[in-house]
Amino acid sequence: MIADFNDHSDSADFKLINFDSKPQPDFHSNLKGIYQNLCENIKNGYEAFVLASDEHQAGRIKELIEDFEDENIIEQDEKIHSDAEEDSDEIKSDPEFSIKNKFKVIPESIHNGFIFNDLKILIYTEHQIFGRYFKQIKKRKLKFKGLTFTELKELQYGDYVVHRDFGIGKYSGLKKITVGNNNQEVVVLTYHGTDKLFLNLNNINLIKKYSGAEGHAPTLTRLGGGEWDKLKAKTKKQVKDIARDLIILYAKRKSEIGFKFSGDTHWQKELEANFMYEDTPDQVRATVETKEDMEKENPMDRLVCGDVGFGKTEVAIRAAFKSVMDNKQVAVLVPTTILAVQHYNTFRDRLSPFAVEVDNITRLKNSKEQKKILEKLTEGKLNILIGTHRILSKDINFKDLGLLIIDEEQRFGVKAKEKLRSLKPNVDTLTLTATPIPRTLNFSLLGARDLSIINTPPKNSKPIVTEIIKLDWTQIAGIIRHELNRGGQVYFVNDKIKNLHTLGDTIKTYVPEAKIGIAHGQMDGKDLENVVINFIEKKLNVLLCTKIIESGLDIPNVNTIIINNANMYGLAELYQLRGRVGRSEVQAFAYLISPPDAKLTRIAVKRLQAIEEFTDLGSGFSLAMRDMEIRGVGNLLGKQQSGFVQEIGFDMFISIIEEAVLELKENEFKDLFANEASLQKINESIKKKIEEKSTLIENDLNALIPKDYIHNDTERLNIYRRLYEMKSEDELKSVAVELKDRFGEYLDDVSNLLRVIRIKIKATELGLEKIIIRNKNLYLYFPDDKEHKIFEGDFYKKTIDTISNDRNRKYNIAPEKERLVIEVRLDSGDDEKRLDEIEKLICG
């Protein structure tokens, strides 16, 4: 109903228009209810639409509803849901009626569904059917004050850089040098002692800003001693040895026979649709890859990487349910009692509607309780058992173990791992880790380890409201009280152990109702465990702690975190700490307490602003997460590898891994990967990336960006880098427009530079290795690989034809044994005319 506001009379009586509409009914995830409702309304002449937020959700809800056409499924559904809900309505099967193609599913959604009786239209939303929070993605442009991805990558004077061939140096700005009679710029790199390297801008792609753990200062390389090559060779050998072991394990696993699980049941689809968040593409991929592995006869050994809250536990739950559907038991092994309790709560909540028996075995259970659990396990009455290394004890006997799930395997000792190997000779294994693994590493190791990476948070999780505040106890008390009043709990993180008790007394003074627990790394293990478990069980409502909660805690009821002295933490640490809240549909808050801006360094201010403004995970965190990625490399390839990462830089380490693994696959293990088309395709893309070279152009032209055009060295270097790394003329045109827009009209020196880049782009497309422009001579260097594509192309044929018919002896084949070099005599020594002639020859 709506009032008619067009009537401007003084009368208080409004005309009411009745739209005869009502909101979408609550189905509480009951698919039988939605099926019946749709059938009834469609039969009564209603046009039915179900809206879902993407293609994946749309396909799944359509399939689930249409599955109810099969009466057997309906009967099974009544059986499995009988304990959960009494429903007197019977489905009257009508052989003449089929719901298929009678309702439309649209991959776009709105906040709330409704029924429009006048027009006989009903519009239901998939997220309301399953009681899921819905967030509409709004594209907003905000001015960002924090550290941006570009800013983190760009070079400032004095930054450490890694040169592919010469090692770690320091960026010392740009320098103008004379080439022939003209001016050009080079990058100056300072190495050990007083060694300096002048880098031609052609080779700018060979240097990258050094990237290691936050705060680590690397050792500068000594030029000319060969130490950089030795370090790279040593790293490559180590990586090869580890990768070789991984590939041998992979080959062995592929030759073993395990249990081949059945395809998805209707209940599997229903469980997945019931998830409180919409699946991200990463999560869908991880789920599909895991289930496909389980449906193969070879035993699965998959590693799923994803931060807490990104949905890797949900992937494990789906795999566990798939195992239970084939009457196979599941063991979930976790490193701590705290995690065992958390996982037990999560698995039980998700699987109890499907009559799955879940239990946990830890030191918190007394001997009588443990004995009862073991009996049920042996008899096959217990489907899923969650526990610490207690699961590895001799008295644990599964009736029919089908799947082993291991959380944070790297936290188990050597003995525990040996027991694991005996427990799982042919059992499917799924390992979870919260330490992120770089996606590039995932591709290069594909075929050496089965990896699934979940890099994105649930898209309909509410962003964490983040605010920088000063140390004001009245405000802090209000924040704590607000959370406690809505039935929630609070983390209060402090950077030092020594004043935790003093802070606890202060909180108690301002918030007397707070039940405070103190937790830090120097406490006795059992005492710490007891505090955290009391907090999980809501016996405490404020956890005053150090950054010990940075990883591993997932408590949905904690939705406020206060971080004291937030300026003392790195960006990666702040991101991890803030990620401890916002694990449910309740709005979460993060408060960063810091001193006044005047007492903070510029970087500290920008770091805090970045964490405040990036409420969702975005590209700005790619480099903030580098610390954790280095840890991830260590977990995957061995802890000693972290040392190599620090010595040679993260990006160089990743490229060495790619080369090492590719060499192994192409040589030692060529036969093993010969028949795997998907791996071949990925290997080819890695090979192409390694081999991809752009044409080098050496010239004596007046081609540069003068300092009086762009004053700032960093800005000038950024433009040079963009130009020399360009792949298309469209990009070049775009930068030309940008330069005029930002810095005004440019003179011949900049124009010449842009023309040189155009020639470079075209020459790279053709496949020329190098071009030298010197005085009135042009030298074209062809690749030494006689199978190269350039020798099949029109450019080569046209050039050879021109040489054959050259009566003026303008073209000449230079006396080079290794490769073809063609010398062209230019008509003029003038810069503009030389460029005209070269552009006509190369660009057409």
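Evaluated against (1) within 21 Å of Ile555 (Cβ to Cβ); (2) of a type in the set (A, V, I, L, M); (3) open to solvent by 10 Å² or more (accessible area, probe 1.4 Å); (4) touching a Phe, Trp or Tyr at 6+ places or on another chain (Cβ under 9 Å), Val324 falls short on exactly one condition, (1). Screening Ile373 on (1) open to solvent by less than 20 Å² (accessible area, probe 1.4 Å); (2) under 13 Å from Val324 (Cα atoms); (3) over 34 Å from the mean Cα position of the chain (by Cα); (4) not hydroxyl-bearing (Ser, Thr, Tyr) shows it passes everything except condition (2). Under the condition of being modelled with pLDDT of 85 or more and either assigned to a helix (DSSP H, G or I) or at positive phi (or both), the residues counted in region 513-527 number 1.
Hey, among the residues in region 328-347 that are open to solvent by 20 Å² or more (accessible area, probe 1.4 Å) and part of a helix (DSSP H, G or I), which one's nearest to Gln268 (Cα to Cα)? Explain how you work it out, then say what you get.
Residues of region 328-347 that are open to solvent by 20 Å² or more (accessible area, probe 1.4 Å), as a first pass: 328, 335-336, 338, 344-346.
Remaining after also requiring part of a helix (DSSP H, G or I): 338, 344-346.
Details: Ile338: 28, Tyr344: 20, Asn345: 20, Thr346: 17 Å.
Only one residue fits best here, namely Thr346.
Per this entry, Tyr779 is not counted among residues that are assigned to a loop (DSSP other than H, G, I, E, B) and either at pLDDT below 90 or not β-branched (Val, Ile, Thr) (or both).
Somewhere in region 725-746, is a residue in contact (Cβ under 8 Å) with a residue 60 or more places away in the chain and closer than 17 Å to Ile204 by Cβ? Full working, then the answer.
Quick first cut of region 725-746, residues in contact (Cβ under 8 Å) with a residue 60 or more places away in the chain only: 725.
Checking the rest, the ones that are also closer than 17 Å to Ile204 by Cβ come to 725.
Yes, the conditions are met somewhere in region 725-746.
Looking only at region 726-738, count how many residues are modelled with pLDDT of 90 or more and buried (at least 18 other Cβ atoms within 10 Å of the Cβ). I'd like the intermediate steps shown before the answer.
Of all residues in region 726-738, those modelled with pLDDT of 90 or more come to 728-738.
After this cut, where a residue has to be buried (at least 18 other Cβ atoms within 10 Å of the Cβ) as well, the list is 732.
Residues that pass the stated criteria total 1.
Among the residues of region 454-473, those that are open to solvent by 60 Å² or more (accessible area, probe 1.4 Å) and either among the charged types (D, E, K, R) or modelled with pLDDT of 95 or more (or both) comprise Lys459, Glu467, Lys470, Asp472. For region 29-58, enumerate the residues that are part of a helix (DSSP H, G or I) and of a type in the set (S, T, N, Q). Gln36, Asn37, Asn41, Gln57, listed by residue number. There is no residue in region 126-146 that is at pLDDT 85 or above, open to solvent by less than 20 Å² (accessible area, probe 1.4 Å) and in a strand (DSSP E or B).
Restricting region 723-744 to residues that are farther than 21 Å from Ile842 by Cβ and not small (Gly, Ala, Ser), the residue that is nearest to the chain's Cα centre (by Cα) is Glu738.
If you check Asn366 against the conditions, is it more than 35 Å from the chain's Cα centre (by Cα) and either within 28 Å of Leu528 (Cβ to Cβ) or open to solvent by less than 50 Å² (accessible area, probe 1.4 Å) (or both)? It is true that Asn366 is more than 35 Å from the chain's Cα centre (by Cα) and either within 28 Å of Leu528 (Cβ to Cβ) or open to solvent by less than 50 Å² (accessible area, probe 1.4 Å) (or both). Flag not set for Arg350, criterion: open to solvent by less than 10 Å² (accessible area, probe 1.4 Å), at pLDDT 90 or above, of a type outside the set (Gly, Ala, Ser) and in a helix (DSSP H, G or I).
For region 584-591, state whether one or more residues are in contact with a Cys (Cβ under 9 Å, 6 or more places away or on another chain), part of a loop (DSSP other than H, G, I, E, B) and modelled with pLDDT of 85 or more. Quick ask: steps written out before the conclusion?
Going residue by residue through region 584-591, those that are in contact with a Cys (Cβ under 9 Å, 6 or more places away or on another chain) are none.
No, region 584-591 contains no residue that is in contact with a Cys (Cβ under 9 Å, 6 or more places away or on another chain), part of a loop (DSSP other than H, G, I, E, B) and modelled with pLDDT of 85 or more.
Does Leu382 satisfy being open to solvent by less than 20 Å² (accessible area, probe 1.4 Å), touching a Lys or Arg at 6+ places or on another chain (Cβ under 6 Å) and not basic (Lys, Arg)? Yes: the conditions hold for Leu382. Of the residues Ala273, Ala316, the single one that is over 21 Å from Leu432 (Cβ atoms) and in contact (Cβ under 8 Å) with a residue 40 or more places away in the chain is Ala273.
One residue alone among Ile813, Ile800, Ile822, Ile759 is under 45 Å from the mean Cα position of the chain (by Cα) and not acidic (Asp, Glu), and that residue is Ile759. Residue pairs whose Cβ atoms lie under 7 Å apart, separated by 6 or more positions or on different chains, with the first residue in region 762-773 and open to solvent by 40 Å² or more (accessible area, probe 1.4 Å) and the second part of a loop (DSSP other than H, G, I, E, B), are Lys762/Cys843; Thr764/Ser694; Thr764/Thr695; Glu769/Thr695; Glu769/Phe782; Glu769/Pro783; Lys770/Thr695.
The residue that is modelled with the highest pLDDT, among those in region 394-421 that are open to solvent by 90 Å² or more (accessible area, probe 1.4 Å) and within 22 Å of Gly258 (Cα to Cα), is Lys399.
Restricting attention to region 353-363 and to residues that are among the aliphatic types (A, V, I, L, M) and crowded, with 18+ Cβ neighbours inside 10 Å, the residue that is farthest from Ala416 (Cα to Cα) turns out to be Val356.
Just name the residue that is most open to solvent (accessible area, probe 1.4 Å) out of those in region 491-512 that are assigned to a helix (DSSP H, G or I) and not polar (S, T, N, Q). It would help to see each step written out before you state the result.
The first filter runs over region 491-512 and keeps only residues assigned to a helix (DSSP H, G or I), leaving 500-510.
Still in the running and not polar (S, T, N, Q): 500-501, 503-505, 507-508, 510.
Details: Leu500: 0, His501: 120, Leu503: 18, Gly504: 8, Asp505: 103, Ile507: 1, Lys508: 93, Tyr510: 98 Å².
Step by step, filter region 491-512, then rank; the result is His501.
Counting residues in region 553-564 that are among the acidic types (Asp, Glu), without any contact (Cβ under 8 Å) to a residue 60 or more places away in the chain and open to solvent by 20 Å² or more (accessible area, probe 1.4 Å) gives zero.
The values are calculated or read from the model by the stated rules, or taken from the named source; none is laboratory data. No experiment lies behind these values; they were computed from the predicted model shown. Note: ideal-geometry Cβ built from the backbone for every residue, glycine included; neighbour counts use all protein chains shown. These area figures cover heavy atoms from the full protein model, side chains too; ligands, DNA and RNA do not enter into them. Shrake-Rupley method; radii C 1.70, N 1.55, O 1.52, S 1.80 Å.
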